[in-house]
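Data block below; observations after.
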């Protein structure tokens, strides 16, 4: 996929970026393109990936499946195609 900014593909990632991509891949089985678009700032991507892991993946008051259903419903209400 072509972006206006120079992004780093998963296969080319090194250092902090590779660590962030590995975390994202463990959560989603892929690295979603919305996170690849943020690869120009690996220093900011790591805390974002950690936050998403804590908020959406780890079980707390709600299990992951319930949180994903809520997110999908909100996306539908907002007519979000992503």
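Where a number appears in this text, it was derived from the coordinates with a stated rule and is not lab data. Just so we're clear, the structure is a prediction, and the values are computed from it rather than from any experiment. Glycine gets a Cβ as well: all are built from the backbone with ideal geometry, and neighbour counts include every protein chain shown.
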Pairs with Cβ under 6 Å, 6+ apart, first in the range 23-36 and without any contact (Cβ under 8 Å) to a residue 24 or more places away in the chain, second surrounded by 13 or more Cβ atoms within 10 Å (Cβ to Cβ) and part of a helix (DSSP H, G or I):
31/10; 31/21; 31/24; 31/25; 35/24
Residues (in a helix (DSSP H, G or I) and in contact with a helix residue (DSSP H, G or I) (Cβ under 6 Å, 6 or more places away or on another chain)) located in the range 1-36:
10, 16, 17, 20, 21, 23, 24, 27, 35
